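The values are calculated or read from the model by the stated rules, or taken from the named source; none is laboratory data. In this text the structure is predicted, and so the values were computed from the model without any measurement. Here the Cβ positions follow ideal geometry from the backbone for every residue, glycine too, while neighbour counts run over all protein chains shown. For the accessible areas, the whole protein counts, side chains as well, though only heavy atoms, and no ligand, DNA or RNA atoms are used. Shrake-Rupley method; radii C 1.70, N 1.55, O 1.52, S 1.80 Å.
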Amino acid sequence: MVPSRQRAHAVRLAHAAAQLRAGQRVWASPDVLPIEAWLTREVEARARQGAAALPRLLSAAEEWFLWRQCTAEAIPDGELLSRGALADGLQHASRVAFEFGIDCANTFAGAAPETHLLGRVWAACGERCDALGAASLPLLAQRLDCMPASPVHLAGFISPSPRLLGFGAALRVGPELVRPRGVLAADEQDELEQIAAWCQRVLGQQSDARLLVVLPGAPGARERLATLIRQALNARAWLQIEPARADREIGGDDLVTIEGGEPLAQFPIIAHALDTLRLLVGQPSDFNTVSEWLRSPYWQMPSNVARTHLELWLRTSAALDFDLQRLQRLLPRAPALLAGPLRELGQQLQQAAEALPSQLATAREWSEQFRTALQACHWPGAAALGSREQQTVVRFHELLEEFGQLGGAGSVRRFSPLQAIHWLRELAAHTSFRPGDEDAVVTISPMLADPVVRYDGIWVAGLHAEAFPQPVRPDPFLPLAAQLASGVPSASAAGRLREAHALLAAWRAATDELVLSASGRSGDLELVPSPLLAAWLPEPAHTGERRASGWLAAVLGRDEQLEFIEDAVGTAWPGAQPLPGGTRSIELQNLCAFRAYAELRLGSSELGVPEPGVAADLRGQLLHLALQKLWQRLRNSRELEAQTAVALQQLITRSVEEAAELVMCTRERQVHAQQHAQEDPRTQARSPTLARELRRAVFLIGKLCQLEAQRAPFEVEATELETTLTIAGTQMHLRIDRLDRLECGGRVILDYKSGVPVPVALYDERPSHPQLLAYLAAVGADVRAMATVHVSARKLGYAGIASTPNLLPRVKGVKGAPGAEPGKVWSVQRQKWLNCVEQLAAEFLAGRAAVDPKAGACDFCHVRSFCRIAERSVAADAEFDESDARDAGIDE
């Protein structure tokens, strides 16, 4: 008897390998079972022997559902609790009590509230089981007093419970103990790279070796390690330099296996099925879920191209969530190009929805109809499935069978459509699964456990002081005194220490080469190796040194065989054509040259996503146009001062209304033309959301006018001024929001901003707002100030720089040496700014595309997935606060 299915599989493989080495062609299969499988077999054997009044055995799904139902009934007002997690914790506590012989009936009396809660739920589950004539596996095994008919050996149990020891004797390992080698890595990434190099070395010396890597912690680290090992062991196949062999997949997926499983709901093929059922029963889904659902490969029709076009079109629909009815209403409005494929999709969804019950139905009925609905949707599609996907589909069909059993376990016997899909998704999220692997070369395990079988090499990682011995974690629902008296290992430091020593002995007896490692750092946190490793760690002077990079190119390459190609320069921009995007070309070049090249040269634009309320670009257009119309009427500061409060309010309202009429009608006519809608676009534009946005715009512009009244006398020379700047031998088209002329002489450049406020940092080597510098170059030498005008709820006012203070409210004068003449300082600084713009334009023209982001630029970039920023060997150490990060953003 072994702790898990994975360990049972390992024993069977090891037994088969031993028989083959002995020259056997046929042998008796070993009788190796996990605990629950052995108990189930014994209970079924007692049933066949005619045990009197034997209740039926609850399935694992039924027991899980029973605990969740009883937990929900015990805390009906627990809105702030995660009832699912609470039910799992209570069920686990009952298993611990069973394993270690804790008498629940006597323990619950006079106990803490948590233990009382366990007692109530435990008693409710017992009453429900009695009413159903059923019993859970532990209680049924205890009732039947299952004793093995033949000897049972316990293998792989570090601290077997009294209940297990009653079934059989623990199998002792041999006395041979290897001396471990200790490794202290610089950080977690260094530890993974050293493990991959060790696997490559051992398998290079012995091709038929079998290795075990124990890596506890987050699953992402195990996935990264598996990738590193595959790259190191089968690099040419990973890079697809050689065609795939018939007995080995590209990338060497059969070389490495990760022990354990992940929730079934997280597998993409199962997530697609659950999202399909969710839509069919009428449960709303957000846009991101529908987007992934449409882009999934598990379709038979419509085609990938049609679904991709539909997904892009839905991004313009302004819908934040979708259900089946809304999706079917939107499909006829799609462009005519998609009419045929979308008609097929609509009919397919309609037929599938009609196969589902519309009212209450039993779990068995829902299970059968869910299967029928998925067949109507042609799930899992027309593409040929690999072995792992086929296994996953089979496991999902088994899950539907298990779901069909839930009706008799809980208080709910008939489920509504929303209840049915809710419990199916919960069950899929609770069910762990990993497709079966063949005899892999390297096994990565998350469990600090006895290997059970011998390996040619074992590496145990992550053994820092806080992880080994494992932390003390007594069960919160059982009295601590009862746990200590019963010898629960996780309840005391002494128990955890005994477990750690037992693990070391098991590891040392299971291999001829054992490596124990710990990392010196985890992110910014400094770690200390476990004291239990002190005898085997190297001298402190040689620990914590960073090793060579495990990046695949570095592993494969040799200095004399590497050819370095400069990839920081792309194709030059044709000088006869204006710079694309106007000032956006230098804004992006300033943020990151690669992003500028990718977005403006390669067309890697960011896809829009529906958002609540008024979209940011629409808000910006509304404010820009309203301010333009307002100042076309006012013209100067004297007219502004002459307005009464009521007259100014009316003037602002009129300007906002006219701007909304133009902006919204233009937008809605475009949508109207795409969707062939029959409604009047003017009617569609007048929504409560828009009305609220118009009131907001009137309020903000009124507050801005109060600030404008505090300025020195000025005249608005131009609004939305379109001009052209000749720079670096080419032209750049500009649109300046507003240009004012001061009565005291000189002009002021104003740039409206309606988004998140961005600090103006014009003295930096890579200044913010380079568009202001381009405007400065285009307008001429008489500019005395330039500023952004923030018009938002977060900030209302000016941010910029002027030749002298007080030209604009709260805008400082240019920095210079003490006593220096402001005019000369401004002239010198102006020339520096012009040189900066000239350099940015020249770099864009030359096609410079280096991955060199400004601090924080990656936080708001949509091309970082293919810019290779993660492969840079030197990471930026500079830290910046939220405002500095926002400095990397770009407004409309």
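Quick notes on this structure:
- Residue within region 738-753 that is touching a His at 6+ places or on another chain (Cβ under 6 Å) and modelled with pLDDT under 90 present: no
- The condition (being assigned to a loop (DSSP other than H, G, I, E, B) and at pLDDT below 85) is satisfied by just one residue among Ala28, Ala45, Ala51: Ala51.
- Single match in Leu279, Leu274, Leu264 (criterion: modelled with pLDDT of 90 or more, among the aliphatic types (A, V, I, L, M) and either farther than 28 Å from Thr227 by Cβ or open to solvent by 50 Å² or more (accessible area, probe 1.4 Å) (or both)): Leu279
- Residues of region 846-865 satisfying the condition of being small (Gly, Ala, Ser) and open to solvent by 30 Å² or more (accessible area, probe 1.4 Å): Ala846, Ala855, Ser865
- Breaking point among (1) farther than 28 Å from Phe415 by Cα; (2) open to solvent by 40 Å² or more (accessible area, probe 1.4 Å); (3) at pLDDT 85 or above; (4) not small (Gly, Ala, Ser), for Thr316: (3)
- Selection within region 375-411 - open to solvent by 20 Å² or more (accessible area, probe 1.4 Å), modelled with pLDDT of 90 or more and of a type in the set (A, V, I, L, M): Ala376, Val394
- Members of region 20-64 found to be of a type in the set (S, T, N, Q) and exposed (fewer than 15 other Cβ atoms within 10 Å of the Cβ), listed by number: Gln24, Ser29, Gln49
- Residues of region 65-83 that turn out to be open to solvent by 20 Å² or more (accessible area, probe 1.4 Å) and either at pLDDT 85 or above or under 26 Å from the mean Cα position of the chain (by Cα) (or both), as a count: 8
- The listed residue being modelled with pLDDT of 90 or more and among the charged types (D, E, K, R), out of Arg414, Arg498: Arg498
Quick grid of which residues meet (1) open to solvent by 10 Å² or more (accessible area, probe 1.4 Å); (2) under 39 Å from the mean Cα position of the chain (by Cα); (3) without any contact (Cβ under 8 Å) to a residue 24 or more places away in the chain:
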{"site": "Ser754", "(1), (2), (3)": "yes, yes, no"}
{"site": "Lys795", "(1), (2), (3)": "yes, yes, no"}
{"site": "Leu807", "(1), (2), (3)": "yes, no, no"}
{"site": "Lys812", "(1), (2), (3)": "yes, no, yes"}
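- Strands (runs of 3 or more DSSP E) enclosed by region 701-805 - at least 2 residues per element that are farther than 24 Å from Lys629 by Cβ: 714-727, 730-742, 783-791, 796-802
- Among residues of region 165-183 being surrounded by fewer than 18 Cβ atoms within 10 Å (Cβ to Cβ) and farther than 29 Å from Ser530 by Cα, the one that is modelled with the highest pLDDT is Leu165.
- Selection within region 814-835 - farther than 19 Å from Gln771 by Cβ, open to solvent by 50 Å² or more (accessible area, probe 1.4 Å) and of a type outside the set (Gly, Ala, Ser): Lys815, Pro818, Glu821, Pro822, Lys824, Val828
- The number of residues in region 498-536 that are in a strand (DSSP E or B) and either open to solvent by 20 Å² or more (accessible area, probe 1.4 Å) or among the aromatic types (Phe, Trp, Tyr) (or both) comes to 5.
- Selection from region 432-455 of residues that are under 20 Å from Leu225 (Cβ atoms), buried (at least 17 other Cβ atoms within 10 Å of the Cβ) and not polar (S, T, N, Q): Arg434, Asp437, Ala440, Val441, Val442, Ile444, Pro446, Leu448, Ala449, Pro451, Tyr455
- Evaluated against (1) within 17 Å of Leu622 (Cβ to Cβ); (2) among the polar types (S, T, N, Q); (3) surrounded by fewer than 20 Cβ atoms within 10 Å (Cβ to Cβ), Gln706 falls short on exactly one condition, (1).
- For region 476-497, a residue qualifies if it is part of a loop (DSSP other than H, G, I, E, B) and open to solvent by 20 Å² or more (accessible area, probe 1.4 Å), and the qualifying residues are Pro476, Phe477, Pro479, Gly487, Ser492.
- All helices (runs of 4 or more DSSP H) inside region 582-653 with 3 or more residues being surrounded by fewer than 20 Cβ atoms within 10 Å (Cβ to Cβ): 616-634, 637-642
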